[in-house]
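Everything below concerns the one structure shown next.
The values are calculated or read from the model by the stated rules, or taken from the named source; none is laboratory data. Please read these numbers as outputs of a predicted model, since none were measured by experiment. As a convention, Cβ positions derive from the backbone with ideal geometry for all residues, glycine included, and neighbour counts pool all protein chains shown. SASA here: full protein model, heavy atoms, side chains in, ligands and nucleic acids out. Shrake-Rupley method; radii C 1.70, N 1.55, O 1.52, S 1.80 Å.
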Amino acid sequence: MPPLQPKLVSRPRLLERLKKGLQLKLTLVAAPPGYGKTTLLSEGVRNNQMPVGWLSLDQDDNDPTRFWSYIITALQTVHADIGKSALGLLQSQQAPPIDYILTIIINEMSEVNKDFALVLDDYHMIEAQPIHDFMTFLLNHLPPQVHLVIASRIDPSISLARLRVQNQLMEIRADDLRFVPEEATAFLNDVMSLGLSDVDVAKLESRTEGWIASLQLAAISMQGRENVSAFITEFSGNNRYIMDYLIEEVIHRQEEGIQTFLLETSILNRFTTSLCNAVTGHDDSRERLAQLEDTNLFLVPMDDERQWYRYHHLFAELLRNQLLLSQQKRMIELHLRASWWFEQEGLTGEAIHHAFGAQDFERAANLVESVAFTTFMNSQCLTVLGWLEKLPSALITDRPWLCLSGALANQLSGHYDAVEPLLQSAESAMSRVEKSQPSKSFPDHAKIRSYIIAAHSTRSLIEGNTKRTIELCHEALKYLPEDDLIARSSVLKDLGITYWTIGDTSSTRRYLEEANTLGQSGRHLYISLAVMSYLANIDRVQGHLHQAAEKFREVIRLGSQWGGAEPLPVTGNAHVGLSQILYEWNDIKGAIYHAGIGTKLAERGGVIRTLVLGYLLLAWQNQAFGNTKEMMEALQQLKEIPPKSIDAYTLGKSAGWKARLLLVQGDLSAVNSWATSQESKVNLWDIPDFYLELSHLTLVRLHLAQDKVDEIPGLLERLRQKAEAEQRTGSLIEILVLQSIALHSQGDENQSLTILEHALSLAEPEGYVRTFIDEGEPMAKLLRLAASRGIATKYVRKLLASFQKPNTNASAQPKIVSAVGAVVPSPLVEPLSEREQEVLQLIIAGMSNHEIAERLIIGQSTVKTHINNIYSKLDVNSRSQAIAQARELKLF
């Protein structure tokens, strides 16, 4: 917070408003330059004796990581514990999303047991919309003891309307900030010691319209003049006049040494004595600064010790323009001197800024290369990309670390097209150096190459090239240093996931467990939690549902614990995994709950794979629960995810899920179209990799629904052998269920029951339910037959009861459908179709034909057709009779 000037015009009318504002969520002080915004706030928060975190912003703060890091640091001047864990997460290589970081900060601010303020000065410097959006998020969730104060030349791009309506916004604007006559008198006569008459003050206040900067300029110009009244008569206070006046009457009237000092130091956003000496080449900067401060010449101290200063923004802009017009070559030299000084002080970011100002791109490239990788590892991708945009491409391609940093920053930011050219440039640059100096060793090159290989492996994984991914991951591990725990754990994770997609569960488990060990040793929480979720998922697929559920719950618990009471977004994977298990246990309500949480967390963290699977589960589970609207919403959300952002493995699973959903809805034509399209990526007669198994089994179900059964049992036998060899008991149970249905449809009752008994023996210990009842009437018939033969009687009775009995955790009857869409089992001779059951439920709810048509997005004529079919199947003639019959038959 800037210190107060020794002589200050106190403004009690504004201080009182500021005091009231500090009881609200937001105080906005918005006015053009030169209206005293910063001075007012500095005095106001001191007068209120309220702890305050102060942040003066500049152009470089548009990088979100940098912006929020500084916000946390400012808050820590109020309370040292605010944001400690958040700052570490924010600056980690795989930083969680900003709203998650903000949630931690908000929770920790709420624990401070006193009121305090956060002041953001010069907020107009912020142009990045994501920062504005998250500022709105912060305001919406601000604890009651925290008060935000923003000073800006323009209204910030954050939501103010709601705060106005809620009476939580204090606005102080240019008209409020203008000096009234009494304040103008105090400034001109008490602060500037001019001794003006009331008439002259009134005339000057009128001409300047109370604009403080204009009054200050006039006051500086009047010092030493004999005919003050004549000067006031000629003085104009408008903006354009002031600019001209500053040049002619303020700058030019200073002695030559001061003029030179002002111009030469104007290139600096902030300065101290030693920096000014380095830039000007003189050693009298301390005296010059004292002289400027004594004459009130737009010098603003930035600390109480008066070590660091800046010029008033309006004044600095004018000085820089003058320097550019009159001494362009000198300006380049000054920037270069400043760059060297900042580099020696370890302030590389500002050294880079002045290297660009000096147009010394070679020096800028060297400086950027020295810090780009570290900056990337601190998640400041936009800062890295901003530097690269300013550099000529030839200077980038000659520097391997710079190419690598740019490639990784682009990859993390989703600019995939820019990644490969930069990686190729890095390799070419290293090869050129090695050829030119064959006898010299380059230890950095091995590390760079390992990161390049790791980047390639990630890209191959996204593209679904499993063989190439495995090769690249193993190659990267050869080069990566043993102590680079983060990089090694990340590569091992990718390697484990790749083996998972092809069904090699033993290799998957081995590499994932090693990744988890390294991730926890390196405190890489994201890697650890992601890997633990994958390990739990292996247990789920291998049929250990209870063990997997416990592991998923442990990930969720740790994700909340490590995240400071708020779940880390990576735990979305665990919620989605747990959702699949709960659905299998027929706890559909619990399944939907966890799928919903997992989807929200995945969206927050940008975890596309989990997001896609979450929406697919929500669609599937809601159709099973009878929630047509929610099913359609989930499918619409899924449709809005760009296919380019989805990896091949997830695309394969997504296609299978969507096709099976169409099959359950009875849309065989659409499933046939999918089966013959490129999207299915399966041939019925192939033995697919694990990630295509869902699509393959959907194709099997299509053939069963169409009575094309002849070769299905043999095909399923090959799939069974593969699942058994890979120890995927969950897949094995599903394959056996379909095999038994296929054999039964062929009339081979005994073999069908033998296969079903095997499936039941595997399924009963872990409580499988939905794998059986989701197959509808064909499986219901088989289970009734099994019960009559005394096969697994107790478990079979439980499964049969699940076809009709509502789940005790659910608020509505789960809808059970066969592969071709019929509701089963049913006491009716001809069961109601899925759509007919939906229509009947809406009739019971009291909806008209028109309302039913709108709800189901179908025509009224179609509704009438369904109702006539319902009447025919129920043997009734009216709505009231249909409702009574449905209740008597306990259809719902």
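Please give the charge dipole size of the range 355-412, origin at the Cα centre, charges +1 on K and R Cβ atoms and -1 on D and E Cβ atoms. Round to the nearest 20 debye.
80 debye
Hey, what angle do you get for helix 628-639 against the long axis of the chain, alpha-carbon based, 0 to 90 degrees rounded to 10?
60 degrees
Provide the per residue accessible area, probe 1.4 Å, for the chain, rounded to a whole number of square angstrom.
For the chain, the per-residue accessible area is 42 Å².
How do the peptides 359-365, 60-66 rank, highest first, by the average count of neighbouring beta carbon atoms within 10 Å per residue?
Per-residue mean Cβ counts within 10 Å order the peptides as 60-66, 359-365.
Pull out a ≥ b ≥ c, the square roots of the eigenvalues of the alpha-carbon gyration tensor of the range 178-234, then state rounded if a/c is under 1.5, prolate if not and a/b is larger than b/c, and oblate in the remaining case.
rounded
Please enumerate, by chain and number, the lysines with C-alpha under 28 Å from the C-alpha of residue 390, excluding those fewer than 8 residues away in the same chain.
329, 447
Distance from the Cα centre of the range 258-273 to that of the range 201-226, in angstrom?
25 Å
Place the peptides 8-17, 420-429, 688-697 in order of packing, highest mean first, counting for every residue the other Cβ atoms within 10 Å and averaging per peptide.
Peptide ranking by packing, descending: 688-697, 420-429, 8-17.
Where both residues lie in the chain, what percent of DSSP beta bridges are antiparallel, nearest 5?
Taking every DSSP beta bridge with both residues in the chain, the antiparallel ones total about 25 percent.
Out of the total accessible area of the range 1-91 (probe 1.4 Å, heavy atoms of protein only), what percent is carbon and sulfur?
Answer for the range 1-91: carbon and sulfur cover 52 percent of the accessible area.
Take the alpha carbon atoms of the range 1-15, find their center, do the same for the range 326-367, and report the distance between the two centers in whole angstrom.
Spelled out, the Cα-based centre of one part sits 36 Å from the other.
Helix-derived [θ] at 222 nm for the chain: sum -39500 (n - 2.57) over DSSP H runs of at least 4, divide by residue count, nearest 500?
Computed mean residue ellipticity for the chain: -20000 deg cm²/dmol.
Determine, for the range 1-134, the count of lysine pairs separated by eight or more sequence positions (or lying on different chains) whose alpha-carbon distance falls under 26 Å.
Qualifying lysine pairs in the range 1-134: 12.
Probe radius 1.4 Å, ligands and nucleic acids ignored: give me the carbon and sulfur share of the accessible area of the range 835-892 as a rounded percent.
Solvent-exposed carbon and sulfur of the range 835-892 make up 46 percent of the total.
Sort the following peptides by mean Cβ neighbour count (other Cβ atoms within 10 Å, averaged over residues), highest first: 607-618, 879-890, 666-677.
Ranked by mean Cβ neighbours within 10 Å, highest first: 607-618, 666-677, 879-890.
Farthest toward the dipole's positive end in the chain, which of 685, 344, 105, given Cβ charges of +1 (Lys, Arg) and -1 (Asp, Glu) about the Cα centre?
Positive-end residue among those listed: 685.
Run the accessible area of the range 333-449 with a 1.4 Å probe and give the carbon-and-sulfur part as a rounded percent.
Its accessible area is 53 percent carbon and sulfur atoms.
About its Cα centre, what dipole magnitude does the chain give when the only charges are +1 on Lys and Arg Cβ and -1 on Asp and Glu Cβ, stated in debye to the nearest 20?
2500 debye
Positive end of the charge dipole of the chain (Lys, Arg +1 and Asp, Glu -1 on Cβ, about the Cα centre): tell me which of 596, 792, 192 has its Cα farthest that way.
Ranked along the dipole, the leading option is 792.
Can you tell me the 0 to 90 degree angle between the C-alpha axis of helix 749-763 and the longest principal axis of the chain, rounded to 10?
Helix 749-763 sits at roughly 40 degrees to that axis.
Considering only 56, 882, 143, whose Cα is most displaced toward the positive end of the charge dipole of the chain, charges sitting on Cβ of Lys, Arg (+1) and Asp, Glu (-1)?
So the residue furthest toward the plus end is 882.
Rounding to the nearest 10 and keeping the result within 0 to 90°, find how far the Cα-based axis of helix 129-140 lies from the longest principal axis of the chain.
On a 0 to 90 degree scale, this one is about 80.
Can you match volume of the Cα convex hull per residue in Å³ to one of these, (1) 176; (2) 238; (3) 205, based on a calculation from the structure here?
(3)
In terms of Cα to Cα distance under 19 Å, which lysines are near enough to residue 440, apart from those fewer than 8 places away along the same chain?
none
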